[in-house]
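The values are calculated or read from the model by the stated rules, or taken from the named source; none is laboratory data. All values reported here derive from a predicted model rather than from experimental measurement. Glycine gets a Cβ as well: all are built from the backbone with ideal geometry, and neighbour counts include every protein chain shown.
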Amino acid sequence: MEYRIKAYVDELFEKAPKTQQAYEIKLELVQNLLDKYHAMVSEGISEEEAFQLTILNIGDMEEVFAQLSESPGVFTVSGSETFLEKKRAALTAAAIMMYILSVVPLIVLSSLGVFEVLGVILLLCMVAGATGLLVYSNMTKPKTTQGPEAVSSVGEGKGVDQRKKQLLKAFRSAYWPLVLALYFLLSFLTGRWGITWIIFLIAPALETVLRALLFPSDK
Amino acid sequence: MSIASDLIRGHTDTIILAQLLQGDSYGYQINRAIEVKTNGKFGLKEATLYTAFRRLEELGWIISYWGDETTGARRRYYSITELGRENYYRLLREWELSREIIDQLVRTDRSL
């Protein structure tokens with residue numbers, strides 16, 4: 001009979017918005033109805049009758065769903081959203097810190113005059129790590145900023161678009177830090193600070209070319 | 001009962017807040033307490049109950065948390081906030097005033 005109650009609620013929630021909130025209300029309702037059902041059965045009411053009485057007074061769930069779509073993501077969802085935002089902010093901050101600090105081993109080691117190659121390797125590792133963090137934080141971003149309503153309304157074609165946008169964003173955020181890293185790397189390795197700044201002239205042109213090649217349909 | 005329940009429905013928030021004033025509770029327990037209190041004359045429909053919970057939560061009058069029962073049945077508990085407490089007393093005063101006025105207006109010498 002418990003299964004019947006769950007199945008009944010499943011049916012009720014077919015029209016519910018597909019959000020975390022709606023899911024939690026569903027869990028809550030199932031538990032509530034089970035409590036009610038068990039209480040009646042323990043009072044001596046037959047299982048069938050108890051089931052009928054349990055589902056009799058649920059009322060109009062449309063009311064609840066309407067309220068949910070009015071204010072999408074206000075409670076638990078918004079809580080996890082701000083958590084995700086904080087996480088992204090922390091990731092970005094960590095990445096930028098790594099970019100800045102990545103030259104430290106190289107400077108220290110080269111001023112000591114030992115293990116200069118190790119300095120370069122450390123620099124590369126830190127830049128790679130930082131870029132990874134930035135890409136990750138950007139790839140996880142757009143999904144949560146849409147709000148729960150959009151999740152169900154996004155068509156397949158739009159989904160592809162969204163994916164492209166995500167990639168473009170990731171590319172944008174990774175490109176300039178990499179240029180900067182390359183600038184420092186070349187400068188420290190060659191010591192020709194007088195010339196290496198040209199990278200900053202080449203980089204914008206290269207960015208345009210890369211974007212045209214990688215994201216052709218992007219207007 | 002159906003006519004009366006329309007009138008009572010306007011006070012769902014106050015009724016729920018009054019229950020939570022006595023301590024944290026969950027959906028079934030709240031409704032059960034209401035039924036017991038009224039000798040089975042009144043009970044809230046689940047849909048009404050959950051709409052009210054969400055509304056009160058949005059207003060910041062109550063907060064909810066998932067309990068962790070060892071028996072496996074996880075229930076969402078509700079707890080009244082300080083703001084909820086203040087508003088409960090305000091609603092209670094409003095109700096008492098309304099009741100007084102309605103009492104004065106609907107009674108006539110003839111019906112006494």
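Mind checking which residues of region B:76-87 are within 13 Å of chain A (Cβ to nearest Cβ) and either over 11 Å from A:Glu28 (Cα atoms) or more than 19 Å from the chain's Cα centre (by Cα) (or both)? Of everything in region B:76-87, just one residue is within 13 Å of chain A (Cβ to nearest Cβ) and either over 11 Å from A:Glu28 (Cα atoms) or more than 19 Å from the chain's Cα centre (by Cα) (or both), namely B:Tyr78. Candidates in region B:35-50 are the residues that are of a type outside the set (Lys, Arg) and part of a loop (DSSP other than H, G, I, E, B); of these, the one that is nearest to the other protein chains (Cβ to nearest Cβ) is B:Gly43. The number of residues in region B:59-90 being in contact (Cβ under 8 Å) with a residue 40 or more places away in the chain and part of a loop (DSSP other than H, G, I, E, B) comes to 3. The residue of region B:15-31 that is nearest to the other protein chains (Cβ to nearest Cβ), among those that are on the phi < 0 side of the Ramachandran plot and surrounded by fewer than 17 Cβ atoms within 10 Å (Cβ to Cβ), is B:Asp24.
For B:Ile34, the conditions (1) over 22 Å from A:Leu12 (Cβ atoms); (2) under 11 Å from the mean Cα position of the chain (by Cα); (3) in contact (Cβ under 8 Å) with a residue 40 or more places away in the chain all hold with the exception of (3). Taking region A:174-219 only, how many residues are of a type outside the set (A, V, I, L, M, F, W, C), surrounded by 11 or more Cβ atoms within 10 Å (Cβ to Cβ) and modelled with pLDDT under 80? The number of residues fulfilling the criteria is 1.
For region A:178-188, does any single residue satisfy the condition of being closer than 30 Å to A:Ile107 by Cβ, out of contact with any Lys or Arg (no Cβ under 8 Å at 6 or more places or on another chain) and not hydrophobic (A, V, I, L, M, F, W, C)? The answer is yes; a qualifying residue exists. The residues of region A:54-66 that are more than 7 Å from every other protein chain (Cβ to nearest Cβ), of a type outside the set (Ser, Thr, Tyr) and in contact with a Lys or Arg (Cβ under 8 Å, 6 or more places away or on another chain), listed by number, are A:Glu62, A:Phe65. Flag not set for B:Gly60, criterion: farther than 21 Å from B:Arg90 by Cβ and more than 13 Å from the chain's Cα centre (by Cα).
Within region A:2-59, being outside any helix (DSSP H, G or I) and exposed (fewer than 14 other Cβ atoms within 10 Å of the Cβ) holds for A:Lys18, A:Glu43, A:Gly44, A:Ser46.
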